[in-house]
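Structure first, commentary second.
The values are calculated or read from the model by the stated rules, or taken from the named source; none is laboratory data. In this text, all values refer to a predicted model and were calculated from it rather than measured experimentally. In this analysis, Cβ positions are derived from the backbone assuming ideal geometry, glycine residues included, and neighbour counts consider all displayed protein chains. Calculation scope for accessible area: heavy atoms of the full protein, side chains included, ligands and nucleic acids excluded. Shrake-Rupley method; radii C 1.70, N 1.55, O 1.52, S 1.80 Å.
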Amino acid sequence: MAIISPTKTPMREQPPEERIRNFREVPFGYTPDEAVSEAQRCLQCKKPLCITGCPVEIDIQGFIALLVQKKFKEGISKIKEKNILPAICGRVCPQEEQCEKQCIVGKKNEPVAIGRLERFLADWERNEGEIEIPHQPESTGKKVAIVGAGPAGITAAADLAKIGHKVDMFEALHQPGGVLVYGIPEFRLPKEIVFKEIDYLRKLGVNVYTDTVIGMIKSIDELQESYDAVFLGTGAGLPWFLKVPGENLNGIYSANEYLTRANLMKAYLFPKYKTPIIKRKRVATVGGGNVAMDCARTALRLGAKESILIYRRAREQMPARAEEIHHAEQEGIIFHLLSNPAAFYGDKNGWVREAECIKMELGEPDESGRRRPVPIEGANFMVSIDVVIIAIGNSPNPLIHSTTKDIEVTKWGTIITDPATGKTSKRGVFAGGDVATGAATVILAMGAGKIAARGIHDYLQTGIW
Ligand SMILES: Cc1cc2nc3c(=O)[nH]c(=O)nc-3n(C[C@H](O)[C@H](O)[C@H](O)COP(=O)(O)OP(=O)(O)OC[C@H]3O[C@@H](n4cnc5c(N)ncnc54)[C@H](O)[C@@H]3O)c2cc1C
Ligand code: SF4
């Protein structure tokens, strides 16, 4: 038996001192030789546990076997049987918590780099030219409206179009893609990749209407007059705040606003693009997830001398992907762990200048299973700052459910759905992704889009609710 390298085949990337001056993607991806060499680390297990860790059950063992044989076209087709966004998932999925966590090689060594291999095949296909469009079946004569063009909506739309339903998609922003476009920065997920995926959707016959806020321009009831079913994939775009004194000072952003300015509105190219963003020397981001890492790393690229991350738990409890934390550390983000802002103070013109933070310690686990941060009395300290970004979480915007009768929501504002079908409490209306689960992950949103597409298809065929 060949000797397996204990570590993953490394992926080349821009060096930290260079990349903090640009918005280009950090890792370069594998070459074909590197990909094959990494694929050869797979043991082709009889019981491939990796698949049980994948929320959309990609045949991981199968695509890796094809990759070893350099059958790249067949390999990407195998992935696409289950996942229509592999170039995106290969880049942003938390593989260390999913497929790679279960990989048998990972019991003693580093697991097979499944995410990097998925990314390699998707990039190979894109660079080869035309992406294969599946054969279009005959029209079923049924019409479905998809509200929200994020991963949940895109997946539901593609699956429904592929079985012959007529699909129209309505997106509030001027670009489809959801968080993939307005939230996750270019240096982690080049937008060209997302736009290619949207092109694929259009080629499947899906009409995408942008600048269309459902709940304002049209209600769900009005949509139901023209469509046989409606899917709500409107995400969780309403930011949370700390609710501490001074939080409305100038220079304090929600992560959503900061990242939307920087990504979707291209504020890093201001004044060529019209949207400005405040660029100052000391930027503090509050939070410990992917969103917080993206903000802190964006601030550096916008010219901050110091980008500080304030997080109330320890490094081990950070919800961000391991790779994002690693990249943030390499780039020199300063971590103030076990710390939480208690108040912000400004100058006479109302601009934020200081954060008063409380030192925390870890207590008993809370409902999330993570140890609860407990303030240490009297252990307050000051941090001087000129910009603050609050990245502590989001919930769904109430617009849809406040303008639609009969849609039941939880106390957190998430739409209640049947997890097996995506059905909501309103006949003919389905939902999935962050709007139903609260802020989660791309692959879970896609999984929910798939389930709802099946639920919608069943409903359209049988009429049974
Ligand atoms: C900055 C950031 C970084 C992230 N990083 C990662 C990561 O690395 N890995 C990962 O797996 N997950 C990550 N996530 C989480 C992931 O992006 C989300 O879980 C996922 O995008 C949810 O998909 P969705 O389709 O449910 O919603 P969204 O992606 O939020 O899309 C919803 C869409 O609906 C539109 N919409 C909302 N209301 C209306 C309306 N009334 N009418 C019409 N359209 C409407 C919105 O404009 C949006 O385009 C990150 C999230 C953020 C914010
Ligand atoms: S568990 Fe790991 S080694 Fe086994 S088939 Fe999956 S990727 Fe290959």
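So in the chain, what percent of DSSP beta bridges are antiparallel if you round to the nearest 5?
The answer is about 40 percent antiparallel.
Can you find, among A445, C42, V429, the residue farthest towards the positive end of the dipole of the chain? Put +1 on the C-beta of Lys and Arg, -1 on that of Asp and Glu.
C42
Can you list the equivalent-ellipsoid semi-axes of region 65-152, largest first and in whole Å, using the square root of 5 times each Cα gyration tensor eigenvalue?
Gyration-tensor ellipsoid for region 65-152: 29, 18, 12 Å.
Could you list, bin by bin from short to long, the percent of Cα-Cα pairs of region 201-263 in 5 Å steps?
3, 11, 15, 19, 14, 12, 11, 7, 5, 3, 0
Given the Cα-Cα distance of K405 and K281 and 0.36 nm per residue of separation, how much length would full extension add, in nm?
This chain segment gains 39.8 nm when fully extended.
Could you tell me how many cubic angstrom of Cα convex hull volume region 280-380 has per residue?
Each residue corresponds to 104 Å³ of Cα convex hull volume.
Please state, as a whole number in µm²/s, the translational diffusion coefficient that the Stokes-Einstein equation yields for the chain at 4 °C and 1.567 mPa s, with Rh defined as the Kirkwood radius across alpha carbon pairs.
In µm²/s, the coefficient is 55.
Considering just Cα atoms, how many Å³ per residue does the convex hull of region 277-328 enclose?
So the per-residue Cα hull volume is 68 Å³.
Given +1 on the Cβ of Lys and Arg, -1 on the Cβ of Asp and Glu, and no further charges, what dipole in debye does the chain carry about its Cα centre, rounded to the nearest 20?
Roughly 420 debye for the chain.
Given 5 Å bins starting at zero, what is the percent of C-alpha pairs of region 96-231 in each, up to the one with the largest pair distance?
In whole percents, the pair-distance histogram is 2, 9, 16, 17, 17, 14, 11, 8, 5, 2, 1, 0.
With Cβ to Cβ distances under 13 Å as the rule, what net charge do the other residues near E361 carry (K, R +1; D, E -1)?
Residues close to E361 contribute a combined charge of +3.
Can you return the lysines within cross-link range of K426? Criterion is Cα-Cα under 16 Å, with same-chain partners fewer than 8 residues away left out.
K405
Please identify every one of the trypsin sites (Lys or Arg not before Pro) in region 380-465 that sits in a loop by DSSP and has no more than 14 other beta carbons within 10 Å of its own beta carbon.
Those satisfying the criteria are K405, K411, R427.
With an 8 Å Cα cut-off and a minimum separation of 6 or more residues, compute the relative contact order for the chain in percent.
Dividing the mean separation by the residue count of the chain yields 15 percent.
Which value results when the Cα radius of gyration for region 334-424 is divided by 2.2 N^0.38 Å?
Here the answer is 1.59, to two decimals.
Ignoring ligands, DNA and RNA, how do H457, H165, H135 rank by accessible area with a 1.4 Å probe, largest first?
H135, H457, H165
Given q = 0.22 Å⁻¹, what are the Debye log10 I(q)/I(0) values for region 206-351, with equal point scatterers placed on the Cα positions and solvent ignored?
Scattering profile of region 206-351, log10 relative to I(0): -1.43.
When the Karplus curve 6.51 cos²θ - 1.76 cosθ + 1.60 is applied with θ = phi - 60°, which whole-Hz ³J(HN,Hα) does each residue of region 444-449 get, with x for Gly and Pro?
5, 5, 5, x, 5, x
Pull up all non-local amide H partners of A284: gap of 5 or more, or a different chain, and H-to-H distance under 5 Å with H placed in the peptide plane.
Those lying under 5 Å, H to H, from A284 are I308, D386, V387, V388, I389.
With runs of 4+ DSSP H residues as the only contributors, calculate the mean residue ellipticity of the chain at 222 nm using -39,500 (n - 2.57) per run, divided by the residue total and rounded to the nearest 500.
-9000 deg cm²/dmol
For a protection proxy built on the mean count of beta-carbon atoms within 10 angstrom, sort 315-326, 221-232, 281-292 highest first, please.
Those peptides, ordered most packed to least, come out 281-292, 221-232, 315-326.
Cα atoms only: what Rg and Dmax, in Å, come out for region 45-116?
Cα only, region 45-116: 11.4, 32 Å (Rg, Dmax).
Which Rg and Dmax, in Å, describe the Cα atoms of region 154-285?
17.8, 54
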